[in-house]
Amino acid sequence: MTDEANKPSAAGASIHIRALEKRYGPVRAVDGVDIDIAAGEFLALLGPSGSGKTTILMALAGFEFPTSGTITVDGEDLTYLPANKRNLGMVFQNYTLFPHMSILDNVAFPLKMRGVSKAERHARAQQALATVRLEGYGERTASQLSGGQQQRVALARAIVYHPRVLLMDEPLSALDKNLREEMQLEIKRLHAELGITVIFVTHDQGEALTMADRVAVLKDGRIQQIGPSRALYERPENLFTAGFIGEMNFIDVDVQAVGEQFRVALPSGEVWDVPASAVVEPVKVGEKAVLAVRPERLQLGAGDGRYSLHVTLRDIVYAGAALLLIGALPNGKEIRARIPGASNLGPLAIGSVATFSVPKDAALLYRGLGQ
């Protein structure tokens with residue numbers, strides 16, 4: 001039996017990324033990224049296509065070497081270390097299972113490459129399959145499993161050699177909605193059980209918010225914001241993050257006064273006094289600014305101590321537990337409200353004028369574009 005076979009299950013490793021840059025000719029796919037990841041943390045890298053999230057993951061895995069910067073894992077510089085020397089687990093989008101092998105041999109394959117004896121690697125593969133709740137599936141082949149089961153096999157294969165870090169590249173994107181949600185919870189359970197560090201790449205903001213301890217939002221190779229899901233959702237630090245995380249209504253306004261209250265004029269002529277606590281980015285008198293409000297914070301009808309928006313209803317969409325109301329301000333700007341308890345709202349008509357009330361703690365104020 002080899003030393004590798006006797007190694008105990010590894011705890012999560014801490015990761016420090018400093019000034020990471022990756023250029024492809026004149027294009028900077030990653031542009032000066034700094035991230036500190038605690039041992040055992042679950043971090044999601046979130047962003048649209050071309051934001052640099054997968055490039056960062058590939059640099060961590062050793063499949064891409066950065067143009068500059070450093071990557072250290074538990075204090076060890078891995079920046080230019082080959083992938084097979086890093087002891088990091090990797091789960092890909094397409095699972096990459098070997099069709100000619102049994103599920104047991106698929107899971108045991110990384111141990112075979114490390115020189116572990118057949119009996120030992122099969123025992124550990126059985127244990128890994130039990131961890132992902134696939135006991136008894138070892139003699140099957142990949143073609144005999146569903147997509148969700150194949151994803152579990154890929155997870156088992158990634159954890160069978162006790163990696164310090166588990167890297168996941170959009171592993172759930174090929175699954176249907178219900179199965180994807182089930183696997184999100186399964187991966188969270190696995191993370192809690194094993195205690196390893198997880199870096200998860202996704203373009204699905206709901207997936208990132210559901211699963212991760214912290215989320216790093218990327219755009220054009222740069223981090224826009226990094227923090228817990230609640231902070232990103234309730235107080236995004238810039239307009240990009242505000243628009244990318246969840247739904248958001250944006251209203252262009254003119255700043256008329258600043259101080260303990262920030263007075264802003266809406267396109268409809270209404271004036272709101274916004275508390276200083278709602279100001280995310282500094283604004284000046286005479287400048288353009290943007291008010292941001294989540295659709296679920298709006299209510300139908302006027303309310304005491306609330307702001308009001310008067311809209312012409314354009315569409316009414318029944319969505320089960322809630323009603324989506326789409327209206328337009330006098331300047332044509334679309335405003336959305338998600339109203340719970342749809343059955344109690346009474347009749348509404350497209351083309352009628354409705355009032356949305358906005359709690360004063362629901363509005364956030366940002367610099368206008370170009371300011």
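A short reminder: the numbers here are calculations on the coordinates, not readings from a lab. For clarity, every value in this text was computed on a predicted model and none was experimentally measured. Cβ coordinates were reconstructed from backbone atoms using ideal geometry, including for glycine residues, and neighbour counts include every protein chain displayed.
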Q | Full-stretch length increase - A192, S146 - with 0.36 nm per residue and alpha-carbon distance subtracted | A | 14.1 nm
Q) Mind ordering 313-324, 19-30, 97-108 by average Cβ neighbours within 10 Å, highest first? A) 97-108, 19-30, 313-324
Q | Those GluC sites (Glu not before Pro) in segment 235-276 that DSSP places in a loop and that have at most 15 other beta carbons within 10 Å | A | E247, E260, E270
Q) Using Cα atoms only, what is the angle between the long axis of helix 147-159 and the major principal axis of the chain, expressed in degrees (0 to 90) to the nearest 10? A) 60 degrees
(Q) Helix-only estimate, please: 222 nm mean residue ellipticity of the chain, summing -39500 (n - 2.57) across DSSP H runs of length 4 or more and dividing by its residues, to the nearest 500. (A) -7000 deg cm²/dmol
**Q.** For peptides 70-82, 352-364, sequence by mean Cβ density within 10 Å, most packed first
**A.** 352-364, 70-82
Q) Which of M90, L190, A125 sits closest to the plus end of the dipole of segment 3-240, meaning its Cα is farthest towards the positive end, when Lys and Arg get +1 and Asp and Glu get -1 on the C-beta? A) A125
Q: May I ask you to evaluate 6.51 cos²θ - 1.76 cosθ + 1.60, the Karplus curve with θ = phi - 60°, for each residue of segment 207-221 and list the ³J(HN,Hα) values in order in whole Hz, giving x for glycine and proline?
A: 4, 5, 5, 6, 9, 8, 5, 9, 10, 9, 8, 10, 8, 6, x
Q: Measure nothing but the geometry: give the 0 to 90° angle between the long axis through the Cα atoms of 177-194 and the longest principal axis through the Cα atoms of the chain, rounded to 10°.
A: 60 degrees
Q: With θ set to phi - 60°, apply the Karplus curve 6.51 cos²θ - 1.76 cosθ + 1.60 along segment 97-106 and write out the HN-Hα couplings as whole Hz, x wherever there is a Gly or Pro.
A: 7, 7, x, 8, 9, 5, 4, 4, 5, 4
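Over all alpha-carbon pairs in the chain, figure out the percentage whose distance exceeds 33 Å.
Values: 30042 of 68635 pairs.
Here the long-distance tail beyond 33 Å is 44 percent of all Cα pairs in the chain.
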**Q.** 5 angstrom amide H check on V279, placed H, neighbours 5+ away
**A.** L365
Q) Hey, any idea what the orientation-averaged projected area of the convex hull of segment 181-240's Cα atoms comes to, in nm²? A) 4.4 nm²
Q. Suppose every K and R has +1 on its Cβ and every D and E has -1 on its Cβ; what is the size of the dipole of the chain about the Cα centre, in Debye to the nearest 20?
A. 520 debye
Q. Computed from the mean reciprocal separation of all distinct C-alpha pairs, what Kirkwood hydrodynamic radius does segment 247-367 have, in Å?
A. 14.7 Å
(Q) Can you order the peptides 276-283, 58-65 by their average number of other Cβ atoms within 10 Å per residue, highest first? (A) 58-65, 276-283
**Q.** Separation of alpha-carbon centers, segment 289-303 and segment 186-210, rounded to whole Å
**A.** 31 Å
